[in-house]
Amino acid sequence: MASTILGGRRFSLGTIALITCAAAAMAAAACAPHIDVRTVAAPDANFAGRLTFRILRVPAHSGGTPLASNDPMLENSITYAALRDEVRRAFESRGYHYSSTAADMDVAYYATAAPVLDVRTFDYGYDWRGFPRQYVDVFQYEQGTVIIDVIDPPTRRLLWRGEGKAAVSTDPNKYAKELRRAVDAIVKKFPPAR
């Protein structure tokens, strides 16, 4: 059996390959964009006994600028289908059952992406030849926001809101994957079915 000596210890090539794969997987996970999730529930919200949900239709777009072809709020876009399917899957994974008609909860979602210009200035607190020693970093990226609302159907009152923000890709397929990750991160904070 082939082996290698590292740091005075003998490792089989299979062990080295396993360690390398594990390190690569951890590095890939670390490179995934961080999703900042915030949630809030109505003070008197009670989810006990609520076992079914339906997903509301996306509201009609009203505005001067037409939606981009990959906008998740455009009903016939790839990202729309990915987002809607993931919302359903995520709530089902929490123990809720989908109902296309009457349900215990209505779920609405909104998603958008907008360019962000992040300017960071570092002031070292000393001068060099009369000029302040400062360093400025400028980053431009697309920031996506996904909002998921849970509404009480009879009263139309907002019971719970989850919001996730993260840098997103301009590539539609990558964007769809990022939307799925955001939905999962948000719904993970929603109470499981009881």
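The values are calculated or read from the model by the stated rules, or taken from the named source; none is laboratory data. Everything quoted here is computed from the prediction, not taken from an experiment. Heads up, the Cβs are rebuilt from the backbone with ideal geometry, glycines too, and the neighbour counts pull from every protein chain shown.
Consider the range 159-178. How many of its residues are part of a strand (DSSP E or B) and among the charged types (D, E, K, R)?
Qualifying residue count for the region: 3.
Before we move on, is Ala82 within 25 Å of Pro192 (Cα to Cα) and part of a loop (DSSP other than H, G, I, E, B)?
Judged against the criteria, Ala82 is not a match.
Which condition breaks for Tyr135 when tested against (1) part of a strand (DSSP E or B); (2) touching a Phe, Trp or Tyr at 6+ places or on another chain (Cβ under 7 Å); (3) surrounded by 10 or more Cβ atoms within 10 Å (Cβ to Cβ)?
So the condition that Tyr135 fails would be (3).
Does Glu92 count as farther than 26 Å from His61 by Cβ and surrounded by fewer than 17 Cβ atoms within 10 Å (Cβ to Cβ)?
Yes.
May I ask you to say which residue of Ala102, Ala90, Ala111 is in contact with a Pro (Cβ under 8 Å, 6 or more places away or on another chain) and not in a loop (DSSP other than H, G, I, E, B)?
Answer to the check: Ala111.
Which condition number does Pro43 fail, the rest of (1) assigned to a strand (DSSP E or B); (2) under 30 Å from Arg156 (Cβ atoms); (3) free of Cβ contacts under 8 Å to residues at least 40 places away in the same chain being met?
Every condition holds for Pro43 apart from (1).
Do you know which residues across the range 95-116 are loosely packed, with under 10 Cβ neighbours inside 10 Å and more than 25 Å from Ala176 (Cβ to Cβ)?
Thr101, Ala102
Examine the range 186-193 for a residue that is buried (at least 17 other Cβ atoms within 10 Å of the Cβ), outside the structural domain of Leu51 (by TED's automatic domain parsing) and more than 21 Å from the chain's Cα centre (by Cα), and state whether such a residue exists.
Checked against the condition, which is being buried (at least 17 other Cβ atoms within 10 Å of the Cβ), outside the structural domain of Leu51 (by TED's automatic domain parsing) and more than 21 Å from the chain's Cα centre (by Cα), the range 186-193 yields at least one hit.
Being at pLDDT 85 or above and exposed (fewer than 12 other Cβ atoms within 10 Å of the Cβ): is that true of Thr121 here?
No.
When Ala176 is evaluated against the numbered criteria (1) of a type in the set (A, V, I, L, M); (2) surrounded by fewer than 18 Cβ atoms within 10 Å (Cβ to Cβ); (3) closer than 21 Å to Asp36 by Cα, which criterion, by number, is the only one it fails?
All conditions are met except number (2).
Which one of Gly125, Gly162, Gly130 is touching a residue at least 24 places away in the same chain (Cβ under 8 Å), more than 16 Å from Thr52 (Cα to Cα), among the small types (Gly, Ala, Ser) and out of contact with any Pro (no Cβ under 8 Å at 6 or more places or on another chain)?
Gly162
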